[in-house]
Amino acid sequence: MNPMNNEQTIAHRLRIAFGDMTYKQLGELTDTHPETVRRYMNGYAPSSSFLANASTQFGISGDWLLSGRGPMLSQDITKHVIENAEPQTLMNAVTQHFLNVSETTSPH
């Protein structure tokens, strides 16, 4: 089994996302004890509630936190998906959107 290098760990991504925040600050914002935050930042597996709170409080993509895939910030997900989608997939989505809009706006 290949051990993960530092760039592939959740702890590494937590350090990228939260930078110079203190364990106390991060703990207060995620409703987590500062010592527990310290453990997470040093490689212990974080709880799902910590990850969910961190994702919500800071607008960080849960997928990025867990896997490193996609953009770090949730606000960049739509742009990332559009930039990486196949043209036919985009056209199908636009067509479906217009069909849905026309169904909701047409008189019955």
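The values are calculated or read from the model by the stated rules, or taken from the named source; none is laboratory data. What you see is a predicted model, and the numbers here were worked out from it, not measured in a lab. Backbone-built Cβ (ideal geometry, glycine too); neighbour counts: all protein chains shown.
Of all residues in the range 14-44, which are closer than 29 Å to residue 84 by Cβ and free of Cβ contacts under 8 Å to residues at least 40 places away in the same chain? It would help to see each step written out before you state the result.
From the range 14-44, those closer than 29 Å to residue 84 by Cβ are 14-19; that's our starting set.
Hits for the range 14-44 are 15, 19.
Scan the range 8-63 for residues that are within 22 Å of residue 75 (Cα to Cα), hydroxyl-bearing (Ser, Thr, Tyr) and buried (at least 17 other Cβ atoms within 10 Å of the Cβ) and jot them down.
30, 55, 61
I need the helices (runs of 4 or more DSSP H) fully contained in the range 13-108, keeping only those with at least 1 residues that are acidic (Asp, Glu) and out of contact with any strand residue (DSSP E or B) (no Cβ under 8 Å at 6 or more places or on another chain).
Details: elements: 23-30, 34-41, 48-58, 62-67, 77-84, 87-105.
Qualifying helices (runs of 4 or more DSSP H): 23-30, 34-41, 62-67, 77-84, 87-105.
Identify all residues within the range 64-75 that are surrounded by 13 or more Cβ atoms within 10 Å (Cβ to Cβ) and of a type outside the set (Ser, Thr, Tyr); write none if there are none. Before the answer, list the steps.
Taking the range 64-75 and keeping what is surrounded by 13 or more Cβ atoms within 10 Å (Cβ to Cβ), we get 64-66, 68, 70-74.
Within the range 64-75, 64, 65, 66, 68, 70, 71, 72, 73 meet the criteria.
Which ones in the range 90-107 are at pLDDT 75 or above and over 20 Å from residue 79 (Cβ atoms)?
95, 98, 99, 100, 101, 102, 103, 104
Which of (1) modelled with pLDDT of 95 or more; (2) touching a Gly at 6+ places or on another chain (Cβ under 7 Å) does residue 24 not meet, given it meets every other one?
In the conditions (1) modelled with pLDDT of 95 or more; (2) touching a Gly at 6+ places or on another chain (Cβ under 7 Å), residue 24 misses (2) alone.
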